[in-house]
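Engineer: Just dropping this structure here.
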Amino acid sequence: MFGLDNKTQALVLEMGMNHKGEIIKLARLAPLDAVIITNIGRAHIGNMGSRDAIAGAKAEIFEGLKKGGTAVLNGDDGYFKFLSAKAGHKVVSFGTGLKADYRISSVKESVSGTKFSLNGIKMDTKLKGIHNIYNIAAAAAAAGVLGVDLKKVKKALKTFSMRGLMRFEEIKVKGASVINDSYNANPDSYAASLMALKQMKRKNLVIVSGDMLELGKNSRAMHTETGAKIAQIKPSALLIYGEFARDVEKGYLKSGGKAKPECFTDLQQLKKALMPCLKKGNTVFLKGSRGNKLEELIK
């Protein structure tokens, strides 16, 4: 924010939290023309206790809205009505429902990307996974609040690609394609990434799965749930790291996973096991919370 000057037209800020009362402090630092809440998931549920509490904490962002500001909300999310009532400002919705202000339809996934329509305008993006289509719709809605029309959004999407920073970042390591998605993880983001992987239809897929943190009493059950979802995309190898590795293994095997999983509690031992997988023709997917430091595996 200190780097802004009079040439700046718009500033996009991320306001994150893992405890109640954190977002409200951030929101009051920057008067906002529009805010986006993408969804209410299960990230930090160990700290917060429930999704209701997470929704309440995220709703603190409305305190930063200027008079005449707009709340951009996911009309498909179970907390849409709650958040709309909390907003206290104009609400613009996005989603697949007929009443959505920015309506997603005709989604067609392929290896190269995703085609879809937004309010009837055909869009094409290199991004994969339905979660990214929701993100695009949310961004388009916020841009619309600031006067940017969908034709400009369509044009921008043609050249847009994800920046790195360990968010589904694909790089080459010793001939292998490594998809580093280890910036953070929770059961919902993990499931979304697995769906995007499935869309890519990669052969010789090696999954390196780290713990998802801050899930509290739900940790074991949610890791088992994730293991079951990993089984659905049929990896050729599964390396699991962390305190809850055996829970992931349990869910994976119970759901018919074929590749024999290997479990680790030592990062260097995991790295040693991963090395033979880093070869041409393999795709290695890294996913876990920041505390796992999975990026160290490919340094």
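Engineer: Can you say whether ASP101 is outside the structural domain of TYR190 (by TED's automatic domain parsing), surrounded by fewer than 15 Cβ atoms within 10 Å (Cβ to Cβ) and either in contact with a strand residue (DSSP E or B) (Cβ under 9 Å, 6 or more places away or on another chain) or of a type in the set (D, E, K, R) (or both), as far as the supplied structure shows?
Structural biologist: no
Engineer: When you scan the stretch 257-279, do you find a residue that is within 25 Å of GLY41 (Cα to Cα), surrounded by fewer than 21 Cβ atoms within 10 Å (Cβ to Cβ), among the small types (Gly, Ala, Ser) and out of contact with any Phe, Trp or Tyr (no Cβ under 7 Å at 6 or more places or on another chain), even just one?
Structural biologist: Within the stretch 257-279 (the criterion being within 25 Å of GLY41 (Cα to Cα), surrounded by fewer than 21 Cβ atoms within 10 Å (Cβ to Cβ), among the small types (Gly, Ala, Ser) and out of contact with any Phe, Trp or Tyr (no Cβ under 7 Å at 6 or more places or on another chain)), the answer is no, since none of the residues qualifies.
Engineer: Give the residue, chosen from ALA57, ALA71, that is surrounded by 20 or more Cβ atoms within 10 Å (Cβ to Cβ), within 30 Å of GLY46 (Cα to Cα), small (Gly, Ala, Ser) and free of Cβ contacts under 8 Å to residues at least 40 places away in the same chain.
Structural biologist: Criteria check complete, one pass: ALA71.
Engineer: Which is outside the structural domain of ALA43 (by TED's automatic domain parsing) and surrounded by fewer than 19 Cβ atoms within 10 Å (Cβ to Cβ), of VAL111, VAL173?
Structural biologist: One residue alone meets the criteria, VAL173.
Engineer: Report, ordered by the first and then the second residue, all pairs with beta carbons closer than 7 Å, sequence separation of six or more or different chains, a first member in the stretch 2-26 that is more than 19 Å from GLY49 (Cα to Cα) and assigned by TED's automatic domain parsing to the domain that holds HIS44, and a second member that is aliphatic (A, V, I, L, M) and at pLDDT 90 or above.
Structural biologist: Close Cβ pairs (under 7 Å, with a partner that is aliphatic (A, V, I, L, M) and at pLDDT 90 or above) amount to LEU26/MET15.
Engineer: Does any residue in the stretch 249-278 that is modelled with pLDDT of 95 or more come within less than 8 Å, Cβ to Cβ, of a residue that is hydroxyl-bearing (Ser, Thr, Tyr) and part of a loop (DSSP other than H, G, I, E, B) six or more places away or on a different chain, and which pairs are these?
Structural biologist: Within 8 Å, the pairs are ALA259/SER236.
Engineer: Right, next: Looking only at the stretch 207-225, count how many residues are of a type in the set (Val, Ile, Thr) and buried (at least 24 other Cβ atoms within 10 Å of the Cβ).
Structural biologist: Here the count works out to 2.
The values are calculated or read from the model by the stated rules, or taken from the named source; none is laboratory data. This structure is a prediction, so every number in the text was calculated from the model and none was measured. Backbone-built Cβ (ideal geometry, glycine too); neighbour counts: all protein chains shown.
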